[in-house]
Amino acid sequence: MAGSTVPSKVQESPEGDDVARRLLGSAAQLAYDPATEVDWETPLDKEFHGASPEWCSLYGTAYWGELTEAQRKELTRQEAASVASTGIWFEMILQQMVLRDIYMKNPAGAEFQWALTEIAEECRHSIMFARGAQKLGAPHYRPRRAVMELGRAFKTLAFGEAAYAAILVAEEVLDVMQRDWMRDERVVPFVRTINNIHVVEESRHMKFARDETLKRLEGAGWARRQINAFVVAVASYFIVTSMVNPEVYRKAGLDKRRALAAAKANAHHKSMMRSSCSGLMDFLASARLLTKPALAFYKRANLI
């Protein structure tokens, strides 16, 4: 994604400016300030879930059947906070990659200005997620140290289609969950508002990521597609498998070892992930980024 690695015709493409101008127009018409849109003042009502129960990693298992309603609600609140914390982690990676990409571009161009607009939205999202997780009564969840270091390497080395396709995967997986959560009246109202804000604004980011992925792949040969497909799949695997921190079970008062085993074997949750990501997999296939080695990682992450 560094400017020196991308051909100038890609950096300053009129087509890219057209997409960016439309996205800038959308952002001007429909944007939110979470500081005022979200109800931060009302105390947390523990009668609500933090996410749709059907998206819980234990939903449908024998262990889930043994839990009280209070335990189920606490677990969904902790899992929602964990997903938000993973979102913050990847949004920080995203922001650095996008900044690197536009470093040498013309500040007067629509692509440059859209990129900064997207980064501004991501900054607001990260603060919103952090405050939301805090209000849900969650500790500081984050991926394992090894995954954090892999993320550090990825944000430094990834460029072009590898960066934008990985951004797309992370955004799409969050999007499919949050579209359910924001409509679910069982979910605590302030979390529904957070999800609605994120879904609306991320739709622009996903459009840009899809456009950039296809644009950067123009003229790419077999070897380049193979390498980038593998990189994106590995990044996607670590993003998705980091969404539910194992400590959520302990925080919810559950037997962590038993909960982890039940979650790992949960056919319902795997099915939810696969069915909701069918559109994303179709896009990756159309971009010829769904190679055999990549498929192995998507299957391990239960995305296909």
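For segment 210-304, state which GluC sites (Glu not before Pro) are in a DSSP loop and have at most 16 other beta carbons lying within 10 Å of their beta carbon.
Here the GluC sites (Glu not before Pro) that fit, given the DSSP loop and packing criteria, are E218.
Considering only the other residues whose Cβ falls under 12 Å of the Cβ of A70, what net charge follows from Lys and Arg at +1 and Asp and Glu at -1?
+1
Could you tell me the calculated FRET efficiency between A120 and T241, based on Cβ-Cβ distance and R0 = 25 angstrom, to the nearest 0.05?
Calculated value: 0.30.
Run the dipole for the chain about the Cα centre, Lys and Arg Cβ at +1, Asp and Glu Cβ at -1, nothing else charged, and hand back the magnitude in debye, nearest 20.
Taking the Cα centre of the chain as origin, the dipole is about 1300 debye.
Helix 110-135 sits at what angle to the longest principal axis of the chain, using alpha carbons and giving 0 to 90 degrees rounded to 10?
10
If amide hydrogens are placed 1.01 Å from N in the peptide plane, which non-local residues have theirs closer than 5 Å to the one on L289?
HN-HN under 5 Å from L289: empty list.
At 37 °C and a viscosity of 0.692 mPa s, what translational diffusion coefficient does Stokes-Einstein give for segment 46-299, taking Rh as the Kirkwood radius over Cα pairs? Give it in µm²/s as a whole number.
The calculation lands on 175 µm²/s.
Comparing N228, N195, N106, which has the greatest mean-square fluctuation in the GNM of the chain with Cα pairs linked when under 10 Å apart?
Its mean-square fluctuation being the largest, the pick is N106.
Run the numbers on the chain and let me know its relative contact order in percent, using alpha-carbon pairs under 8 Å that are six or more apart.
27
Top mean-square fluctuation among I93, I194, I227, Gaussian network model of the chain, C-alpha springs under 10 Å?
Sorting by GNM fluctuation, first place goes to I227.
Grab every C-alpha pair in segment 228-304, bin the distances at 10 angstrom width from 0 up to the longest one, and report whole percents.
All Cα pairs considered, the percentages come to 18, 44, 26, 11, 1.
If you filter segment 39-80 for GluC sites (Glu not before Pro), then keep DSSP loop positions with at most 15 other Cβ within 10 Å, what is left?
E41, E47
Rg/Rh for segment 137-234 to two decimals, with Rh computed the Kirkwood way over all alpha-carbon pairs.
1.06
Against the longest principal axis of the chain, how steep is helix 189-217, in degrees 0 to 90 to the nearest 10, with axes from Cα atoms?
30
Tell me the trypsin sites (Lys or Arg not before Pro) within segment 230-304 that lie in a loop according to DSSP and have at most 14 other beta-carbon atoms within 10 Å.
Those that pass, being in a loop and sparsely packed, are R288.
Give me log10 I(q)/I(0) at q = 0.32 Å⁻¹ for segment 144-189, Debye formula, one equal scatterer per alpha-carbon, no solvent.
Debye curve over Cα of segment 144-189, log10 I(q)/I(0) at q = 0.32 Å⁻¹: -1.06.
How large is the charge dipole for segment 155-266, taken about the Cα centre, if only the Cβ atoms of Lys, Arg (+1) and Asp, Glu (-1) carry charge, to the nearest 20 debye?
The calculated dipole for segment 155-266 is roughly 400 debye.
What ³J(HN,Hα) values, in whole Hz, does the Karplus curve 6.51 cos²θ - 1.76 cosθ + 1.60 give for segment 258-267 when θ = phi - 60°, with x put for Gly and Pro?
Calculated HN-Hα couplings, in order: 5, 5, 4, 5, 5, 5, 4, 9, 6, 5 Hz.
Between segment 171-221 and segment 266-304, what's the alpha-carbon centroid distance in Å?
Between the Cα centres of segment 171-221 and segment 266-304 lies a distance of 17 Å.
What lysines sit close enough to K299 to cross-link, taking a C-alpha to C-alpha distance under 17 Å and skipping anything fewer than 8 places away on the same chain?
Reachable lysines: K264, K270.
Using the Cα atoms of segment 58-98, I'd like the radius of gyration and the largest Cα-Cα distance, Dmax, both in angstrom.
So, for segment 58-98, Rg and Dmax equal 15.0, 46 Å respectively.
Among W64, W114, W222, which one moves the most in a GNM of the chain with springs linking Cα atoms closer than 10 Å?
Looking only at W64, W114, W222, the largest GNM fluctuation is found for W222.
Every number here is computed from the coordinates shown, using simple stated rules; none is lab data. The structure presented is a predicted model; accordingly, all values stated were derived computationally and were not measured. Methodologically, a virtual Cβ is constructed for each residue, glycine included, from the backbone with ideal geometry; neighbour enumeration extends over all protein chains shown.
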